[in-house]
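Asks: Next up is a structure, given as structure tokens.
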Amino acid sequence: MSNQNGLSTSSSILYIGSYGTAEESTIHVCTFDDTTGELTILQRLSGLENASYLTLNPSGGSLYAASETEVTGDASGGSVASFEIDKATGLLKPTGNRLLTYGAHPCYISTDKAGQVLLAANYTGGNVALLPIKADGGLEEATSVQQNAGELGPNAARQDAPHAHCIIPFGSSYVCAVDLGIDAIVIYRFDEERRSLIPHGISKVHRGAGPRHLIFHPHLKTGYVMNELDSTITQFDVDAELGALTANQVISALPADYNGYNDSADIHLGVSGRYLYSSNRGHNSIAVFAVDQGNGQLSLIQHIDCGGESPRNFVLTPSGDHLLVAHQKTGNITVFSVDAESGLLSKLDSELELPSPVCMKFAIA
């Protein structure tokens, strides 16, 4: 049997973004076989420098890629490009639609649930931008750019200025911008009519944490931020109606006896919401946590070697049966099976090599 992409029902399309020059292949289209765990490259695309983060239009018809640069041509700031997805094959077609994010080094992009706007976090710029999405999936010029502001954290080397590292929708009316430089999640209200972001509030994490990526639980009123600089996870109680986050639990993502270098990176929930996963760069591991289904708090249950160096990004398959890890420094993607009952990971022999992979997204079925 085949799915709508013409693949076997056990296969999915996977998009991979990588660091590299515009002359190099920085976006790859692959198939992933959920039965064998095998990855196969279908398409390589060049033309976009440092395709560091990808996201898809909720319609499944467009892919967007951030170009993490300081300048774009003669203009200051990075950019984001749109690609048309061939729904029959999953392959990408460049559209030539590429617009500024109005801040240096965009490192994270997302869309709202309706696919009406694209949100970009500019790391070095310390600001965030909103770009409207047209009916055909193309992007329009940014209609709102907001500068994050707040007290800088104590890490002089890394917290010298605001550094927006993640931006995602929050409930139906808000947007959260996670800022590593000011140890905070900046909350904006989304004005749908004006396509703009309006400052609403700020939720602090502990000083020196360096918050990086934020996720929300699909069923519980809780969220989790991965803190890069001190390798912890902060659990928040969530009020989506008021647009408020209240820090609650803080738990380490490292073994208690580990004292070496580490920068934590990515964080995701399993399909069931019962388990949470995070990646450690330095310790080079995936940490697995059980999620209390009452209060959302975490309990560490596993550390497993991720099979490469600097696991910047990882992704769970749509089925939830596998977890794939992209290693920026060693240039490889490793595959793990996920035990549905225990949440524990087991490494498979399957592996794909390609230069500096830093973001992976599965096609929308």
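The values are calculated or read from the model by the stated rules, or taken from the named source; none is laboratory data. None of these values were measured; they are calculated from a predicted model. Please note: Cβ atoms are built from the backbone with ideal geometry, for glycine as well, and neighbour counts cover all protein chains shown.
Asks: If a residue has to be farther than 25 Å from G60 by Cβ and either crowded, with 17+ Cβ neighbours inside 10 Å or touching a residue at least 24 places away in the same chain (Cβ under 8 Å) (or both) to count, how many in segment 350-365 make the cut?
Replies: Qualifying residue count, segment 350-365: 4.
Asks: Within segment 336-365, count every residue that is modelled with pLDDT of 95 or more, among the small types (G, A, S) and not in a strand (DSSP E or B).
Replies: Looking only at that region, the number is 5.
Asks: Examine segment 208-222 for a residue that is of a type in the set (A, V, I, L, M), farther than 26 Å from V291 by Cβ and either touching a residue at least 24 places away in the same chain (Cβ under 8 Å) or buried (at least 24 other Cβ atoms within 10 Å of the Cβ) (or both), and state whether such a residue exists.
Replies: For segment 208-222, residues of a type in the set (A, V, I, L, M), farther than 26 Å from V291 by Cβ and either touching a residue at least 24 places away in the same chain (Cβ under 8 Å) or buried (at least 24 other Cβ atoms within 10 Å of the Cβ) (or both): absent.
Asks: Quick check on this structure: which one of A265, A287 is in contact with a Ser or Thr (Cβ under 9 Å, 6 or more places away or on another chain), more than 20 Å from R158 (Cα to Cα) and either in a loop (DSSP other than H, G, I, E, B) or touching a residue at least 12 places away in the same chain (Cβ under 8 Å) (or both)?
Replies: Just a single option satisfies the conditions, and that option is A287.
Asks: Kindly list, by first and then second residue, each pair from a residue in segment 90-109 that is under 14 Å from H165 (Cα atoms) to a residue that is surrounded by fewer than 17 Cβ atoms within 10 Å (Cβ to Cβ) and among the small types (G, A, S), limited to pairs with Cβ atoms under 9 Å and residues at least 6 apart or on different chains.
Replies: As it stands, the answer is G103/S76; A104/S76, since those pairs meet every condition given.
Asks: What do you reckon, is A142 under 30 Å from D230 (Cα atoms), of a type in the set (A, V, I, L, M) and either surrounded by 21 or more Cβ atoms within 10 Å (Cβ to Cβ) or in contact (Cβ under 8 Å) with a residue 40 or more places away in the chain (or both)?
Replies: Considered against the rule, which asks whether it is under 30 Å from D230 (Cα atoms), of a type in the set (A, V, I, L, M) and either surrounded by 21 or more Cβ atoms within 10 Å (Cβ to Cβ) or in contact (Cβ under 8 Å) with a residue 40 or more places away in the chain (or both), A142 comes out as no.
Asks: Suppose the filter is surrounded by fewer than 23 Cβ atoms within 10 Å (Cβ to Cβ), assigned to a loop (DSSP other than H, G, I, E, B) and of a type outside the set (S, T, N, Q); does G201 pass it?
Replies: No: the conditions fail for G201.
Asks: Report whether or not I304 is β-branched (V, I, T), in contact (Cβ under 8 Å) with a residue 24 or more places away in the chain and under 18 Å from L254 (Cβ atoms).
Replies: yes
Asks: Follow-up. Suppose we filter S59, S46 for residues that are within 19 Å of P318 (Cα to Cα) and either in contact with a Cys (Cβ under 7 Å, 6 or more places away or on another chain) or among the polar types (S, T, N, Q) (or both); which single one remains?
Replies: Being within 19 Å of P318 (Cα to Cα) and either in contact with a Cys (Cβ under 7 Å, 6 or more places away or on another chain) or among the polar types (S, T, N, Q) (or both) holds for just one of S59, S46, which is S59.
Asks: Within segment 96-125, how many residues are of a type outside the set (V, I, T), part of a loop (DSSP other than H, G, I, E, B) and out of contact with any Asp or Glu (no Cβ under 7 Å at 6 or more places or on another chain)?
Replies: The total comes to 9.
Asks: If you go through segment 192-211 one residue at a time, how many are closer than 16 Å to L119 by Cα and either of a type in the set (K, R) or in contact with a helix residue (DSSP H, G or I) (Cβ under 8 Å, 6 or more places away or on another chain) (or both)?
Replies: Of the residues in that region, 2 qualify.
Asks: Going through V117, V178, V186 one at a time, which residue ends up being touching a Gly at 6+ places or on another chain (Cβ under 9 Å) and of a type in the set (A, V, I, L, M)?
Replies: V186
Asks: Additional query: Take the residues in segment 307-337 that are aliphatic (A, V, I, L, M) and within 21 Å of L254 (Cβ to Cβ), then tell me which one is surrounded by the fewest Cβ atoms within 10 Å (Cβ to Cβ).
Replies: L323
Asks: I would also like to ask the following. Which ones in segment 122-164 are among the β-branched types (V, I, T) and over 20 Å from H105 (Cα atoms)?
Replies: Listed by number, the list holds a single entry, I133.
Asks: Looking at the structure I just gave you, is L276 in a strand (DSSP E or B), surrounded by fewer than 22 Cβ atoms within 10 Å (Cβ to Cβ) and among the hydrophobic types (A, V, I, L, M, F, W, C)?
Replies: So L276 does not fit the description; no.
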